[in-house]
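Encoded as structure tokens, the structure appears first; notes follow it.
Just so it is clear, none of the values below were taken in a lab; they were calculated from the coordinates. Please read all numbers here as calculations on a predicted model, not as lab measurements. For neighbour counting, all protein chains shown are included, and Cβ atoms are generated from backbone atoms with ideal geometry for every residue, glycine included.
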Amino acid sequence: MDFKEHIINSLTEATGIETAEVAKLVETPPEMKLGDLAFPCFVLAKTLRKAPAAIAKDLESKFTGDEYIGRVEAVGGYLNFFYNREKFAGSVLEGIREAGESWGSSTEGEGKTVIVEFSSPNIAKPFHIGHLFSTAVGNSLEKIWRHLGYNTVKINHLGDWGTQFGKLISAYKRWGDPAVIEKDPINELLKIYVRFHEEEEKDPSLDDEAREYFKMLEENEPETTKLWQYFRDISLKEFERVYNMLNISFDSYAGESFYSDKMQEVVDILDEKGLLVESEGARVVDLSDKGMPPCIIIKSDGATIYATRDIAAALYRKRTYDFYKNIYVVGTPQALHFKQIFAVIEKAGFDWAKDCEHVGFGLVKFPDKKLSTRHGDVVFLEDVLNEAIAKTREVIEENSPEMENKDEVAKKIGIGAILYTFLKNNREKDIVFSWDSMLDFEGESAPYCQYGYARGRSILRRAGEPELKEIDFKKLTGDEEYALIRQLDSFGAAVKSAAERNEPFHINRYVTNLVKLFNKFYNSQPILRSDVDEETRNARLALVKASVSVIKTALALLGIETVEKM
């Protein structure tokens, strides 16, 4: 039963205003004591030639006898609706029991495909902490869109092409030791890559050599191609280890190299449309009419560029997946780049350009560190994940030495703590890395939410995991219970808001508030105490059961796992 929809329909009948218009007008009051929904009567004042307060008073009487409405109050120019708490509690808790992990989902995306491109590390370079932003946001968004019924495709657009590979090939031929590299691939490849840049500063001719090697790679010269494939294979093996720690998988690893034979078509299409113009030896698309600098398609040396490959990728994805949305989770500094390629696609006559969306995110900052692969000063993501697990293990040893499965629990809590930190704010906001706030069991953190879940599961185990089929919902009409039930009901709205804005923090904020309300409920309302009668006990246990179910589902949308005991 959708109580909001019921009241909107009732208001339509009582006022004669179109349903869609009523839906826009109804509000959720800022405080529970003001009701569950409010209808502003000011819009009727001109038509009825009455003061809004008088209109509200007249309307008040039209809702008596409605079994789903507890009461209606005219306050000023507003008509405030209070749901029938017993009916509402029954509707929400029965809905959660039947839906299980599907609570908050919908079928709106049926038959539509959403592509989410995320993570996308560079081959032969470290998977550093900065990559986690894209990885965490993209992984969560894919889950959110899937929860709304969309088919989703997870693409890891690997950085596996470009002049940097000419530099790496040159560095490998000069200083590479296969035996050493096999033992620690990414670190050793990074060392020779950094060395190349140090030597290049002394000898600029090395840059020409690197360009020549990349040209050979583009021409599929056997030796350079074999080296490139070797770099790619060993890098992916290293990356997979990190993805397994995060419990993340992909549907496609089609990176930049995949489109190397598809770029000529882009050039041909733009040429045919008369969009390519010469500019200082390069071939570009003029975007001055859109207030942007020109988009380079072919550089003055004849080489293609990121934009060429991204346009080719977009064309391929549309033909292959016929996407409803094509989302790129890439750092905010690339905003102009994506505006340019979307504008070029639109100019080329493809109306689906509007379905391509850049989802930017901020930077990861350390008080005393800067991330720069070129100079070798980098914080490896795997090291950070392992340290989070180790620090969590120490806390467990100190507070719960008797706990079983300490390693598994430490992994879920430690990695969850990091993911939560990357998703708890607007994604464009920079993150200042802090272990103290990440691993805080009391404040707004993953451990806090995971502990709320574990506490609820503990109550249910102690109660013998009851089925709870016959519930007296009158027992759940107090303010603490009702506030929690209202929050459980709003999960679907939070999921929809997160998808509409491509902002996982809506889920993050939702689940944190849910756990706060759950904590308040079980701290104020005894559940298993001997003086609690059976009907009250079972009703409260049903609310616990519904709460832990939704906490688990919400955390899962963030990529965070729950633990049964803490």
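Quick look at the numbers
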| read-out | value |
| --- | --- |
| Overall form of region 1-140 per C-alpha gyration tensor (a/c, 1.5; a/b vs b/c) | prolate |
| Cβ-derived FRET efficiency at R0 25 Å, residue 99 paired with residue 33, nearest 0.05 | 0.25 |
| Between 0 and 90°, nearest 10: helix 131-147 axis offset from the chain longest Cα axis | 50 degrees |
| Highest to lowest packing among 45-52, 234-241, 467-474, scored as the average C-beta count within 10 Å | 234-241, 467-474, 45-52 |
| Listed values (1) 1.05; (2) 1.17; (3) 1.33, entry calculated as Cα Rg over 2.2 N^0.38 Å | (2) |
| Length released on extending from residue 61 to residue 529, taking residue separation times 0.36 nm less the Cα-Cα span | 164.2 nm |
| Sequence ranges 27-33, 105-111, 125-131, 478-484, ranked by mean other-Cβ count within 10 angstrom, highest first | 125-131, 478-484, 105-111, 27-33 |
| Values of log10 I(q)/I(0), in the order q = 0.18 Å⁻¹, for region 346-495 under a Debye, Cα-only, solvent-free model | -1.19 |
| Degrees between helix 491-501 axis and first principal axis of the chain (Cα, 0 to 90, nearest 10) | 30 degrees |
| Spatially proximal lysines relative to residue 318 (Cα-Cα < 20 Å; intrachain offsets below 8 disregarded) | 112, 154, 262, 273, 339, 347, 354 |
| Eligible aspartates and glutamates near residue 87 by straight Cα distance, threshold 16 Å, same-chain separation 8 or greater | 2, 5, 36, 66, 67, 470, 472, 479, 481, 489 |
| When each of 24/424; 226/325; 125/183; 290/325; 125/215 is checked by Cα-Cα distance, pairs over 24 Å | 24/424; 226/325 |
| Dipole magnitude of region 142-214, debye to nearest 20 (Cβ charges: Lys/Arg +1, Asp/Glu -1, about Cα centre) | 560 debye |
| Estimated 222 nm signal from helices in the chain, with DSSP H stretches of n ≥ 4 weighted -39500 (n - 2.57), rounded to 500 | -17500 deg cm²/dmol |
| Shape of region 456-566, Cα gyration tensor, a/c cut at 1.5 | prolate |
| Chain lengthening between residue 71 and residue 380 when straightened (0.36 nm per residue, less Cα-Cα) | 105.4 nm |
| Calculated FRET efficiency for the pair residue 219/residue 397, C-beta based, R₀ 60 Å, to 0.05 | 0.55 |
| Net charge of Cβ neighbours under 15 Å - reference residue 185; Lys, Arg +1; Asp, Glu -1 | -3 |
| Angle in degrees between helix 163-175 and the longest Cα principal axis of the chain, rounded to the nearest 10 | 60 degrees |
| Dipole of the chain [Lys/Arg +1, Asp/Glu -1 at C-beta], most positive-end residue of 249, 492, 378 | 492 |
| Ordering of 528-537, 274-283 by burial proxy (mean other Cβ atoms within 10 Å per residue, highest first) | 274-283, 528-537 |
| Three-way shape label, region 156-237, alpha-carbon gyration tensor, a/c 1.5 | oblate |
